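Structure, as structure tokens:
What follows is calculated from the coordinates using simple rules that are stated; it is not laboratory data. These figures come from a predicted structure and were not determined experimentally. Neighbour counts run over all protein chains shown; Cβ positions are idealised from the backbone, glycine included.
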Amino acid sequence: MPAARWNTIVEENPLAGIGGGPARAPKKGRAVALVPLDGESEEAPRIASNMSELDRVTGGGFVRGSAVLVGGDPGIGKSTILMQVAAALARQNQRVIYVSGEEAIAQVRLRARRLGAADTGVLLAAETNVEDILATLAEGPAPIWLLSIRSRRCGRIRPKPHPARSRRYVPAFRR
């Protein structure tokens, strides 16, 4: 619930996120092993988009199981560039799923046609319910574009139309 007056705050229960609730009390933590920063590590395999600037800012491509948040003002081209990347990956025989939260399937198809991406095999859905999206994605791993994270709703979370609070949904998609 938002604060009622300017310069006031509202306390929120940190256990109220996904899977939280009165039955889940905070667990006592355990000490974890500390390692030096300069140790050996292997480079994570990446899925290159073959879009040079995007691959540059993602460190050479997308890491499987990672999440990349693309932000910007409305109309700046986020959906357009993500459609282009989805098409580029599908052309590399990657299984790609594009889930729109604010645009209808017809709108996304029109953009795909305009960009020459309609025949690439990108799988498309228009859905906002997190549980339904997770059930659909249970078929197996694939690069997934979730457009308009703020439009997502989850039966386990009370809806709160606030950009920072909407990020609570993101961990549900990183299974």
Selection from 61, 71, 94 lying farthest towards where the dipole of region 59-119 points positive, charges on Cβ = 94
remark   = If the chain between residue 126 and residue 52 were fully extended at 0.36 nm per residue, the gain over the current Cα-Cα distance would be 23.7 nm
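Ranked highest first by the average count of other Cβ atoms within 10 Å around their residues, in what order do 51-64, 112-125, 69-82, 86-99 fall?
So the order, starting with the most tightly packed, is 86-99, 112-125, 51-64, 69-82.
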note = With x for Gly and Pro, the residue-by-residue ³J(HN,Hα) of region 5-13, computed from phi through the Karplus equation 6.51 cos²θ - 1.76 cosθ + 1.60 at θ = phi - 60° and given in whole Hz, is 10, 4, 6, 10, 10, 10, 6, 10, 7
